[in-house]
Amino acid sequence: MNSSGFTPTLRQLRAFHAVYQLGKLSAAAEQMAVTQSAVSVLIRQMEGGLGVRLFDRSTRSLQPTQAAREAVAVAARILRDVDSLGAGLRELKELRRGRVSLAVTPTLAEILLPPVLRRFATLHPQVRVVLDDCAPDQFVSRVVGEHVDFGVGTPERAAADVDSRTLLRDHLALVCPADHPLAKGRTVRWAQLAGQPVITVRPGYGIRPLIDGAAGAAGVALDVVNEVSFLSTALWMTACGLGVSIMPSAYARHAGDASLAVRPLAAPRVSRDIALVTKRGRSLSPAAQELVEVMRAALA
């Protein structure tokens, strides 16, 4: 029989290795949980494909040939490698090992991640989480460049090569001292900010384009008295009475300063949703998907 191009199957290799080690078809069949005749067929198929006899058969025993003695080490190595691959993939699937990386801005990381990462570490202590706390203008590129598995944030621009799924509904809000006249209502209209000293982030940075667009739509010229790089700076300046500030409500409420009031801005209401951002066409690993599920549960 022509053996050119023949490659034994894994089942044939397992049958050959079991018969070689155990010396009996019946014992090999029991180990493989198949019938004795099935083992015999697998051995004969392998012998036929290779064009060599692997065992000399008698009524009482099977004796390996020289060809079998030379082949068994290679077969054992192949089976070990395949079993190791299978075990490794099962560990990844069952989250007994692995690595997840995510991009997030420092502000969002402070708000969202502490309870999420504590919970995930408790559930899956063998999975390592790597955090890339990047600047807002680097966020999308970290995801697109596959430096991370996914990102959590609010992309400032639409990108054709990423998908976004909302994790948390958020909106822009006004922060002012609790005794400020604007704190009396349940919401504050953008038009009410006319003449108020306003503290906000620098032009082109983070939420500033949303703020300028909303103010323009409301027909109000904001009196911006301070432009900052960090929302935490705006908060303490507002607490000191230096002006009202505009920021995402999630951050303002997370700060938990009892001396400050947080009121949704309306007319127009500006969405500032926090999203799961992934590269288009790429699936998440089991570990990354589990971290997303833990995050969804924590944010719910």
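The figures follow:
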{"item": "Selection count where residues are without any contact (Cβ under 8 Å) to a residue 12 or more places away in the chain and either surrounded by 18 or more Cβ atoms within 10 Å (Cβ to Cβ) or out of contact with any strand residue (DSSP E or B) (no Cβ under 7 Å at 6 or more places or on another chain) (or both), scope the stretch 39-58", "result": "5"}
{"item": "Test: residue in the stretch 280-298 that is in a strand (DSSP E or B), modelled with pLDDT under 95, in contact with an Asp or Glu (Cβ under 7 Å, 6 or more places away or on another chain) and outside the structural domain of V198 (by TED's automatic domain parsing)", "result": "no"}
{"item": "Any hit, the stretch 187-197, residues being among the aromatic types (F, W, Y) and in contact with a Gly (Cβ under 8 Å, 6 or more places away or on another chain)", "result": "no"}
{"item": "Residue list for the stretch 257-281, restricted to those being more than 14 Å from A103 (Cβ to Cβ) and of a type in the set (D, E, K, R)", "result": "D257, R263, R269, R272, D273, R280"}
{"item": "Residues located in the stretch 17-51, provided they are over 24 Å from R80 (Cα atoms) and in a loop (DSSP other than H, G, I, E, B)", "result": "G51"}
{"item": "Checking D257 against (1) in a loop (DSSP other than H, G, I, E, B); (2) modelled with pLDDT of 95 or more; (3) surrounded by 14 or more Cβ atoms within 10 Å (Cβ to Cβ); (4) of a type outside the set (S, T, Y), the condition it does not meet", "result": "(2)"}
{"item": "Selection from the stretch 51-61 of residues that are within 53 Å of the chain's Cα centre (by Cα) and under 13 Å from L22 (Cα atoms)", "result": "F55"}
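The values are calculated or read from the model by the stated rules, or taken from the named source; none is laboratory data. This one's a predicted model, so the numbers in the text were calculated from it and none came from an experiment. Backbone-built Cβ (ideal geometry, glycine too); neighbour counts: all protein chains shown.
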